[in-house]
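Data first, discussion second: the structure below is written as structure tokens.
The values are calculated or read from the model by the stated rules, or taken from the named source; none is laboratory data. The structure displayed is predicted, hence computed values, not measured ones. Ideal geometry is used to build each Cβ from the backbone, glycine not excepted, and the neighbour counts take in all protein chains shown. When the accessible area is computed, the model is the full protein with side chains, heavy atoms only, and any ligands, DNA or RNA have been set aside. Shrake-Rupley method; radii C 1.70, N 1.55, O 1.52, S 1.80 Å.
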Amino acid sequence: MNLNLDAPAAGLDLALSRTRIAETLAPFVAREIGPGDEEEWRAVLASRGRKILKRRLHRQFMGWMTGGGRGPDVVQDVYGRTWQETTLARLVDTDARAVPCVWGHRRMMAAAPGLKRVHLLHLTRLIDVLRPKSVLEVGCGMGVNLFVLAARFPEIRFHGIDLTASGIEAIRAMAEHENLPQYLLDYCPEPSRDPGAHRRIEVRQGSAAALPYDDNGFDLIYSISALEQMEAIRVDVMRQLKRVAKGHVAMVEAFRDWNRWGMRRNYIVAQDYFACRLNELPGYGLQPLLVSNDMPSKVNMAHGLVVASA
């Protein structure tokens with residue numbers, strides 16, 4: 001199947017202007033890199049590229065953690081500790097460490113939570129278009145995406161599943177609060193409609209390779225930078241997404257089509273991350289309706305949005 005990667009949409013229109021995307025990202029941009037900063041920018045990219053290449057070579061010759069790939073046990077251990085050691089406030093902090101990012105011809109130093117906020121803007125518009133009654137997030141972590149979307153769409157039944165106990169515990173702890181804290185409401189890319197809707201979110205601990213849900217159970221299933229951790233179990237995960245989805249599957253992920261060479265390819269290999277190509281999706285029973293990578297990304301890994309019918 002051939003897909004036009006230059007077309008922002010094919011069957012769906014989110015009506016998202018670059019101006020609106022830029023407004024969403026703006027609070028997290030520490031600095032724009034202008035024409036006078038060429039030498040500095042090249043030095044930053046060269047340094048980062050060397051480090052990533054070194055990691056790729058180590059990965060290829062030594063193996064992931066001296067054995068096998070980045071399997072579920074590794075992911076569960078890494079993110080179980082990560083969610084224990086961080087806070088929700090840090091995950092949306094405008095003062096988070098700025099990293100080199102690109103968007104078209106723009107070059108900037110921006111905090112990673114800003115990129116995630118842009119991802120949420122796309123999901124918000126998609127839900128506006130599709131109007132699902134039930135939504136599942138695969139790989140929900142500590143629940144930032146669920147909290148934001150539930151506050152915006154209180155009429156929708158939101159569910160989440162994550163491999164880690166600590167992520168699920170964080171979501172359940174927030175459910176004890178009557179309203180979301182102001183820093184999460186401020187993080188919402190569109191105004192919230194019910195700051196207490198997060199209390200109705202249902203979450204489970206489990207693997208995306210064996211989703212504990214009925215066939216055709218959700219109108220919309222989505223993932224944001226979660227499938228990148230599931231390359232070792234990708235075939236099972238994609239089949240599960242197809243099985244459980246009644247309507248659509250949305251993936252904000254680093255598909256290989258946008259990370260084919262150079263530093264980006266080296267990074268994906270070094271991390272043993274998601275390597276799915278867009279033309280593989282029909283083989284899993286997922287038919288792309290929208291394909292767009294017109295969004296800001298880190299220089300070492302580009303994300304895009306794919307919406308498929310199941």
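Other residues whose C-beta falls under 9 angstrom from the C-beta of residue 112 contribute a net charge of +3, scoring Lys and Arg +1 and Asp and Glu -1.
Determine the distance separating the Cα centre of segment 94-140 from the Cα centre of segment 237-310; give it in Å without decimals. Each part's Cα centre sits 15 Å from the other's. In a reduced charge model with +1 at each Lys and Arg Cβ and -1 at each Asp and Glu Cβ, the chain shows a dipole moment near 780 debye about its Cα centre. Here the accessible area is traced with a 1.4 Å probe on the protein chains. For the chain, carbon and sulfur cover 49 percent of it. With contributions of -39500 (n - 2.57) from each DSSP H run of at least four residues, the per-residue ellipticity at 222 nm computed over the chain stands at -11500 deg cm²/dmol. Site pair residue 22 and residue 128 shows an inter-label distance of 1.9 nm when each label is modelled 7 Å from Cα along Cα→Cβ. Charge dipole (Cα centre; +1 on Lys/Arg Cβ, -1 on Asp/Glu Cβ; no other charges) of segment 33-135 amounts to roughly 340 debye.
Taking only the C-alpha atoms of the chain, Rg followed by Dmax gives 18.7, 57 Å.
Stretching the chain fully between residue 246 and residue 214 yields a gain of 10.5 nm (0.36 nm per residue, less the alpha carbon separation). Computed extension gain for residue 176 through residue 43, at 0.36 nm per residue and net of the alpha carbon distance, reaches 43.1 nm. Restricting to the chain, compute how many DSSP beta bridges are antiparallel as a %, nearest 5. Percentage antiparallel, nearest 5: 55. With every protein chain present, what is the per residue accessible area of segment 95-249 (1.4 Å probe, Å²)? Heavy-atom SASA per residue in segment 95-249 reads 38 Å². Cβ-Cβ distance of residue 205 and residue 82, R₀ of 25 Å, FRET efficiency by 1/(1 + (r/R0)^6): the value works out to about 0.95.
Each pair of Cα atoms in segment 224-310 enters the Kirkwood radius, and Stokes-Einstein at 10 °C and 1.306 mPa s then converts it into a translational diffusion coefficient of 122 µm²/s.
Based on the alpha-carbon gyration tensor of segment 61-171 and its eigenvalue square roots a ≥ b ≥ c, which shape applies: rounded if a/c is under 1.5, prolate if not and a/b is larger than b/c, or oblate? The shape class here is oblate. With the simple model of a label 7 Å out from the Cα in the direction of the Cβ, residue 106 to residue 15 spans 2.2 nm. Each Lys and Arg Cβ is given +1 and each Asp and Glu Cβ -1; about its Cα centre, segment 196-236 then shows a dipole of about 260 debye.
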